[in-house]
Amino acid sequence: MEAEHRRVLIIGSGPAGYTAAIYCARAELEPLVLAGLNFGGQLMITTDVENYPGYPDGVSGPVMMEELQKQAERFGTEILFEDAMRVDFSNRPFKVETDNTKYTADTVIVATGASARWLGIESEKRLVNMGVSACATCDGALFRNKPMAVVGGGDTAMEEALFLTRFATKVTIIHRRGELRASKIMQQRVLTNEKIEMAWHSEVDEVLGDEFVTAVRLKDVRDGSTREVEIEALFIAIGHQPNTSLFRGVLALETTDYLKVDPGTARTSIEGVFACGDVADSVYRQAVTAAGTGCMAAIDAERWMAEQGIG
């Protein structure tokens, strides 16, 4: 199979990948986006996006992704809904393969995103976007004046719980142990907040509700007893997993498995390969910041190509 050559090949199709494509296409670099079979990233399971600039009435995640896709295509981006299965960045041009096609590319932009870690129970999956969410910043305001719960014991879970107190009547933190993993200052803020209650030694046995979350059944990990807590939103805050398995041993990773980029840039450990979005962002993980780094990656790539004399 003879490889097809592209000047810019983008792996991934969330806000970062599509924004990078828009900028590259407008620079007449004719980018190819390998959008993947699970295209659109985490926003494809987000019902309402109310914090992205330019949408005063909010927008559903899938609609936003469709509009970004159309905008990228408008300027000449080619989009294939295939997964990148193998990469070889040891020499230029770089090599990327799907199950169907081999490509070479002068530059590659990685925008494969990150995936929220879930509890892995059927009722959680069934009620995603119906009260179950992995992003309090995204969805917390949708449940104003409702009781909510957060699963987790680290700093992220504490931050989300404190954020939710702005909207919730009560926030229950569900944690398997009798002490938190979070930093001392975060623990203090949480444990002294009158809107927050702790469900120690507890795990989610089932999320209750037919069409929307109405309660959560908790199981005591010490004796197996169960109880129900009435809530209307459940936020899972047990971490994210960056989608970097394809690049392990190829690109430098942080200890947290996120792609390592030079501070203030999208440059990875290999010259000519750039990264943007949640695959390289363990801190913010928002659509708007992903789009911003997509812009950075495209501009970095364009400038690098110009320096290399690649037209």
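Values quoted throughout were computed directly from the atomic coordinates according to the rules given, and no laboratory measurement underlies them. Quick caveat: nothing in here was measured; it's all calculated off a predicted structure. Note: ideal-geometry Cβ built from the backbone for every residue, glycine included; neighbour counts use all protein chains shown.
For the residues Arg222, Arg144, Arg126, a GNM of the chain with alpha-carbon springs under 10 Å puts the largest fluctuation on Arg222. Between Val33 and Ile10, Glu78, Ile79, Leu80, the built amide H atoms are under 5 Å apart, and every one of these is 5 or more places off in sequence or on another chain.
Remark: spin-label model distance Met130-Ala3 equals 4.7 nm, labels positioned 7 Å along the Cα→Cβ axis.
Note on Phe274, Phe81: ascending count of other Cβ atoms within 10 Å places them as Phe81, Phe274, the fewest first. Computed from phi, the 3J(HN,Hα) profile of segment 77-90 under the Karplus parametrisation 6.51, -1.76, 1.60 (θ = phi - 60°) reads 6, 9, 10, 10, 8, 10, 8, 6, 9, 9, 9, 9, 9, 6 Hz, with x in place of Gly and Pro. Annotation: cysteines of the chain without a disulfide-compatible partner (Cβ-Cβ under 4.7 angstrom) are Cys24, Cys276, Cys295. For segment 66-111 versus segment 1-31, the inter-centroid distance based on Cα atoms is 6 Å. The order of the peptides 256-264, 11-19 by mean Cβ neighbours within 10 Å, most packed first, is 11-19, 256-264.
Hull volume per residue, based on the alpha-carbon atoms of segment 118-236 and their convex hull, is 90 Å³.
Just round it to a whole percent: the fraction of Cα-Cα distances in segment 1-120 exceeding 21 Å. Roughly 40 percent, once rounded to a whole number.
Calculated mean residue ellipticity at 222 nm for the chain: -7000 deg cm²/dmol, from DSSP H runs with n ≥ 4 weighted as -39500 (n - 2.57), summed, divided by the residue count and rounded to 500.
Normalised size of segment 243-302, defined as Cα radius of gyration per 2.2 N^0.38 Å with N residues, equals 1.02.
Most simply put, segment 118-236 has about 40% antiparallel DSSP beta bridges, counting only bridges with both residues inside it. Here the Karplus relation 6.51 cos²θ - 1.76 cosθ + 1.60, evaluated at θ = phi - 60°, turns the backbone of segment 175-183 into coupling constants of 9, 5, 9, x, 8, 8, 8, 5, 4 Hz, with x for every Gly and Pro. Among residues other than Tyr55 with Cβ under 13 Å from its Cβ, the summed charge is -4 (Lys and Arg +1, Asp and Glu -1).
Cross-link partners for Lys70 among the lysines, with Cα-Cα distance under 22 Å and sequence neighbours closer than 8 places in the same chain left out, do not exist in this structure.
May I ask for the net charge around Tyr18, where only other residues with Cβ less than 15 Å from the Cβ of Tyr18 are counted and Lys, Arg are +1 while Asp, Glu are -1? Net of charged neighbours comes to -2. When only alpha carbons are used to place a centre, segment 173-188 and segment 232-307 end up 29 Å from one another. Dividing the radius of gyration of the alpha carbons in the chain by their Kirkwood radius gives 1.03 for Rg/Rh. The string of couplings for segment 11-19 from the Karplus curve (6.51, -1.76, 1.60, θ = phi - 60°) is 9, x, 9, x, x, 5, x, 5, 5 Hz, one whole number per residue in order, with x for Gly and Pro.
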